[in-house]
1. Being within 30 Å of PRO247 (Cα to Cα), assigned by TED's automatic domain parsing to the domain that holds SER248, at pLDDT 95 or above and buried (at least 24 other Cβ atoms within 10 Å of the Cβ): is that true of ALA127 here?
2. Between a residue in the stretch 55-70 that is in the same structural domain as ARG89 (by TED's automatic domain parsing) and assigned to a loop (DSSP other than H, G, I, E, B) and any residue that is within 9 Å of the ligand (Cβ to nearest atom) and modelled with pLDDT under 95, which pairs come within a Cβ distance under 6 Å, given they are 6 or more apart or on different chains?
3. Given the conditions (1) surrounded by 21 or more Cβ atoms within 10 Å (Cβ to Cβ); (2) out of contact with any Leu (no Cβ under 8 Å at 6 or more places or on another chain), report the number of the one that ILE221 does not fulfil.
4. Taking the residues in the stretch 69-97 that are charged (D, E, K, R) and more than 16 Å from the ligand (Cβ to nearest atom) as candidates, determine which candidate is nearest to LYS131 (Cα to Cα).
5. Given the condition over 18 Å from GLY240 (Cα atoms) and either of a type in the set (A, V, I, L, M) or at pLDDT below 95 (or both), answer yes or no: does some residue in the stretch 145-158 qualify?
6. Which ones in the stretch 130-140 are among the β-branched types (Val, Ile, Thr) and either buried (at least 20 other Cβ atoms within 10 Å of the Cβ) or assigned to a loop (DSSP other than H, G, I, E, B) (or both)?
7. If a residue must be under 18 Å from VAL134 (Cβ atoms), among the acidic types (Asp, Glu) and in a loop (DSSP other than H, G, I, E, B), how many such residues does the stretch 98-116 contain?
Amino acid sequence: MDTTSFLKKTIGGVEQIEPALTPPPVKPMLPVKPKLGQVASKSRKRDIPKGLWTKCPSCASMIYDKELDENLQVCPKCQHHFPIGSRERIHSLVETCTFEEMDPEMVSVDVLKFSGYKGKLERDRKATMLKDAVVTGVCKIGVHRVALGVMDFAFMGGSMGAVVGEKLTRLIERGTEGRWPVVIISTSGGARMQEGAFSLMQMAKTSAALARHAQQRQPYISVLTNNSYGGVMASYAALGDLIVAEPSAMIGFAGPRVIKDTTHADLPTGFQTAEFLLDHGLIDSIVPRKEMKDRLMLYLDFLTVGKRSPA
Ligand SMILES: [Zn+2]
């Protein structure tokens, strides 16, 4: 058919009309704004293009993103600790090229067919480039070979499902087997409700693995970062031989609002902050993020005197 011909619909079918000399008017193309819902990540920080500024929620200073990156996501003015990704944190702690990741391909399955769970998993996998809310592996921190697990709040609020529990259990067992100290850096809203009882079982599983680790007289350091709540705090995060926290981290089982509503009592100032819990004996020390590696090395020196296995 002649390309300059146009078809005209009639009731009886399609009928060809005279070739047109000029094409019919085309609607001018307008730039299309992306819809807000099309942006994959919920995190405002991730949505802002690189090279911009972030407002500190604590001192209200505007911080250049590059400066924040170089300062391990800590405000240079007031030392407010922003959330940090698991990979960035591992990079800040371990000796270069020593991290051997374990189970990098392990993924959650929607065993209960929980409404919307599959979609959330896929969304967070794309947004964070992680498979689930924890990265585990064997590495070196200073001279010590360590089994290290680092949780990531950006993946479904660091919630503990079957994958988080299984990866951490395998990590602890590897540490026990190799006679290496275990270090777990927690950040979590608690157990993953989309996995129901399967997520609650992880509390017993990780705790049992840590008990066997302790029977072998191998040390375990738990590092609590903002926020550490729920089933994670009710299991492995609270079982460290040493429990260390980042400044101002919020730590507890249920949140302050739930406790206030249940007990009908006024909560003390600073309730559930790392500083409050240090005063009340739940944690052993508060360590700023930039000093964390040196302090871990010091603690590992102390905890492994006379029983260090060959690195
Ligand atoms: Zn600040």
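The values are calculated or read from the model by the stated rules, or taken from the named source; none is laboratory data. Just so we're clear, the structure is a prediction, and the values are computed from it rather than from any experiment. So basically every Cβ, Gly included, is an ideal-geometry build from the backbone, and we count neighbours across all protein chains shown.
1. Details: within 30 Å of PRO247 (Cα to Cα): yes; assigned by TED's automatic domain parsing to the domain that holds SER248: yes; at pLDDT 95 or above: yes; buried (at least 24 other Cβ atoms within 10 Å of the Cβ): no.
No.
2. Every condition considered, no pair remains.
3. (2)
4. The initial filter retains those residues of the stretch 69-97 that are charged (D, E, K, R), namely 69-70, 77, 87-89, 95.
Next cut, more than 16 Å from the ligand (Cβ to nearest atom) only: 87-89, 95.
On the way: ARG87: 12, GLU88: 16, ARG89: 17, GLU95: 24 Å.
It comes out as ARG87.
5. Looking through the stretch 145-158, at least one residue is over 18 Å from GLY240 (Cα atoms) and either of a type in the set (A, V, I, L, M) or at pLDDT below 95 (or both).
6. Within the stretch 130-140, VAL134, VAL135, THR136 qualify.
7. Filtering the stretch 98-116 for residues under 18 Å from VAL134 (Cβ atoms) gives 99-109.
Filter once more, keeping what is among the acidic types (Asp, Glu): 100-101, 103, 105.
Those left that are additionally in a loop (DSSP other than H, G, I, E, B): 103, 105.
Counting residues in the stretch 98-116 that are under 18 Å from VAL134 (Cβ atoms), among the acidic types (Asp, Glu) and in a loop (DSSP other than H, G, I, E, B) gives 2.
So that you can scan it fast, the table gives a plain yes or no per residue for (1) under 17 Å from the mean Cα position of the chain (by Cα); (2) over 23 Å from ASN227 (Cα atoms); (3) not β-branched (Val, Ile, Thr):
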{"position": "SER92", "(1), (2), (3)": "yes, no, yes"}
{"position": "GLU95", "(1), (2), (3)": "no, yes, yes"}
{"position": "PRO104", "(1), (2), (3)": "yes, yes, yes"}
{"position": "ASP110", "(1), (2), (3)": "no, yes, yes"}
{"position": "PHE114", "(1), (2), (3)": "no, yes, yes"}
{"position": "LYS118", "(1), (2), (3)": "no, yes, yes"}
{"position": "ASP124", "(1), (2), (3)": "yes, no, yes"}
{"position": "ASP132", "(1), (2), (3)": "yes, no, yes"}
{"position": "VAL135", "(1), (2), (3)": "yes, no, no"}
